[in-house]
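This report refers to the structure that appears directly beneath it.
The values are calculated or read from the model by the stated rules, or taken from the named source; none is laboratory data. Given the structure is predicted, the values throughout are model-derived calculations rather than measurements. Using ideal geometry, Cβ is built from the backbone for each residue, glycine included, and neighbour counts are taken over all protein chains shown. Quick note on the areas: whole protein, heavy atoms, side chains included, nothing else; ligands and nucleic acids left out. Shrake-Rupley method; radii C 1.70, N 1.55, O 1.52, S 1.80 Å.
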Amino acid sequence: MKTESENILKGIAAAPGIAISKAFLYTKEKEEIVNDPITDVNDALQNLDTALQQSKKELRKIFSLAVDKLGEKRAAIFEAQIMILDDPILVETIQNRIRNEKRVPEYIVNDEISKYTDLMNLSHESYMKERSHDIEDIKNRIIRNLKKKKWKSRITNDVVVITTTVTPSDTVLFSRVNVKGYVTDFGGLTSHAAIVARSLNIPAVVGLHDATNRIKENDQIIIDGYKGEVIINPSVKQLQHYQNKIDKHAKEDHELIKLRDLSATTLDGKEIQLMANLDLMEEMEFIVQNKAKGIGLVRTEQLFEVYETFADEEEQFNVYKKIAERIYPEIVTIRAFDIGGDKVLPVDLKEPNPFLGWRGIRLLLDNPQLFKTQIRAVLRASSHKNIKFMLPMISSVDEVRASKEIIDQCRSELKKEGKQFDKHMSVGIMIEIPSAAILINDFAGEVDFVSIGTNDLIQYLLAVDRGNDIVSNIYQEFHPAVVRTLNDIIKSGKKTKTPVSMCGEMAADPFAVPLLVGFGLDSLSVFASAVPHIKKIIRNIDFKEVELMAKKCLELKTEKEINNTIHEYYNKKIKTK
Ligand code: PEP
Ligand code: MG
């Protein structure tokens, strides 16, 4: 038996909660191809067919996006890949070999397609060598899709997933098979996978570096998503300690339920609008139960992640309508697709710097059809007048004007078609790029509201990748530049009478809330399960006091000084209540 400290791994606490369960090693990075025999040929052929169809759907989705921006010629790469998938000779050869050799399909696919790439790599022409990468890509896509099915079927019951990295779509996939927690080697607090884990209420610890080496399949794991610790094969004492903690948290949650019907009002009577973010439809009832005062952010790209092609107008309309009706009379803020960065399709477009690349409003303005489909669906769902529309990744007034022009076109079209919609639907923007924060006064009059996206704002302001644990220590919410920028945005909103809210993860940080309220922020949107806890914090704040504390923080020059000031206030005034 190891000593107690030897079996504890420390990482970043990415989603709160404690789970005790068996480890499941999801080592997808190692595209290991085993030459295993099979017994059920029909099942293997069926798997092959499903994987080919899935690969085709994925490629069509990428092609439809890429064609406008990259032009027919460069986007043709994806079309060529689709053609390879349709090549009857290749498909038949693979099928025949599965029948004759009775080997797993991924082995045959790898062997068969590698014959082509090996030949191409022998060529002296650079064109041929380049094309071989495309064929390699398609091979890996098919193998990935063949394996996905296998992974899914292997996770039968409650496990903690141990992996190098997870994508937001992995997280969604796992939620369907009742995963108890996530442990990853890489990743940061505000990576989208961590955000989805929080939405699904699944504890997660990320950025452990060597978790996949230290943890073995079926090890018993305790995951502490509050402290960012993972315990491998715990001692009886450790198990007891955590069992007590689970009981304590259950009691606290029970206490918080009592606050449900009370408002998020400070001790001296300032009411804060406390809304929730929605990433997945699964959260809807939870948001309603927790009595959030509306939805401050719907990450639509996340909602439709599971769709194999882009959701059409009708599909989107139905989803938006459902959300708007369920939250009525409260308001829902629907954000336009923020595709790119670490969400949805970045890998396939092979951008060298996806977070600085084709993302959010940039991609939408380059794909007017995709953008218009969404705007029309949102407008049509707005007939009860409780929808606001929000634009992501705005960096200039030009982008706002170009977007509003498209929104106006959609309004005229719908009017002509005699369709119902809210003619005065508010249109706002995310403030998540430093240029937008600098131009904050100029957006007044151009937009109806703004919402601060701290996840990106901090990343871009400090030039620190939000998903990279190696630099997570310098991804700082309380960096003086961040703190002062937030204050500037909030104060500008007051001056220009533009409503300001915050929907980044900072709004759900109990330590940050007194500071934000102190700056005068009166609207927050947090992940659904954080609503009761943040409400409790707000109800223990004295506005006059936090105003002074916030003012003091503006004069401090280092993150440490600000952090200490905030913690001092928290420990003295909030924790003890
Ligand atoms: C943000 O950047 O803070 C934000 C809310 O948007 P997302 O996390 O989806 O990038
Ligand atoms: Mg963002």
Seminar exercise, completed: Expected output for region 523-550 (first residue closer than 21 Å to N563 by Cα, partner open to solvent by less than 10 Å² (accessible area, probe 1.4 Å) and part of a loop (DSSP other than H, G, I, E, B), Cβ below 7 Å, 6+ apart or cross-chain) is L524/I272; I538/A264; I538/T266; I538/I272; I541/T266; D542/T266; F543/T266; A550/F519
For this session: Inspect region 266-283 for any residue being open to solvent by 40 Å² or more (accessible area, probe 1.4 Å), among the hydroxyl-bearing types (S, T, Y) and not in a strand (DSSP E or B) and give the result as yes or no.
Result: no
Exercise. Tally time: how many residues in region 390-431 are away from ligand 2 (no atom under 16 Å from the Cβ), out of contact with any Phe, Trp or Tyr (no Cβ under 9 Å at 6 or more places or on another chain) and part of a strand (DSSP E or B)?
Worked result: 0
Exercise. Could you say whether any residue in region 357-367 is more than 21 Å from the chain's Cα centre (by Cα), among the basic types (K, R) and surrounded by fewer than 24 Cβ atoms within 10 Å (Cβ to Cβ)?
Worked result: no
Exercise. If you check I94, I108, I98, I84, which single one turns out to be β-branched (V, I, T) and at pLDDT below 90?
Worked result: I84
Exercise. Considering region 355-370 alone, what residues qualify as being assigned to a loop (DSSP other than H, G, I, E, B) and free of Cβ contacts under 8 Å to residues at least 24 places away in the same chain?
Worked result: G357
Exercise. Is it fair to say I574 is within 23 Å of R198 (Cα to Cα) and away from ligand 1 (no atom under 16 Å from the Cβ)?
Worked result: no
Exercise. Quick one: is N386 in contact with a Pro (Cβ under 8 Å, 6 or more places away or on another chain) and more than 15 Å from ligand 1 (Cβ to nearest atom)?
Worked result: yes
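Among the hydroxyl-bearing types (S, T, Y), open to solvent by less than 40 Å² (accessible area, probe 1.4 Å) and part of a helix (DSSP H, G or I): does that describe S382?
yes
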Exercise. When you look at E314, is it in the same structural domain as F371 (by TED's automatic domain parsing), farther than 26 Å from L516 by Cα and within 16 Å of ligand 2 (Cβ to nearest atom), yes or no?
Worked result: no
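What residue, of D342, D338, is closer than 19 Å to F527 by Cβ, open to solvent by 10 Å² or more (accessible area, probe 1.4 Å) and within 16 Å of ligand 2 (Cβ to nearest atom)?
That would be D342, the only listed residue that is closer than 19 Å to F527 by Cβ, open to solvent by 10 Å² or more (accessible area, probe 1.4 Å) and within 16 Å of ligand 2 (Cβ to nearest atom).
For region 548-577, what are the residues that are in a helix (DSSP H, G or I) and of a type in the set (S, T, N, Q)?
First, the residues of region 548-577 that are in a helix (DSSP H, G or I): 548-555, 559-574.
N563, N564, T565, N571, listed by residue number.
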For this session: Please indicate, with yes or no, whether at least one residue in region 274-287 is away from ligand 2 (no atom under 16 Å from the Cβ), more than 13 Å from S199 (Cβ to Cβ) and in contact with a strand residue (DSSP E or B) (Cβ under 7 Å, 6 or more places away or on another chain).
Result: yes
Exercise. Residue check: is P354 more than 16 Å from ligand 1 (Cβ to nearest atom) and open to solvent by 10 Å² or more (accessible area, probe 1.4 Å)?
Worked result: no
Exercise. Residue check: is A324 assigned by TED's automatic domain parsing to the domain that holds K535, more than 30 Å from E547 (Cα to Cα) and not in a loop (DSSP other than H, G, I, E, B)?
Worked result: yes
Exercise. Only one residue in I295, I327 is over 21 Å from the mean Cα position of the chain (by Cα), at negative phi, crowded, with 19+ Cβ neighbours inside 10 Å and hydrophobic (A, V, I, L, M, F, W, C), so which one is that?
Worked result: I327
Exercise. Do we have I433 as closer than 19 Å to N277 by Cβ, at pLDDT 95 or above and either buried (at least 23 other Cβ atoms within 10 Å of the Cβ) or within 13 Å of ligand 1 (Cβ to nearest atom) (or both) here?
Worked result: no
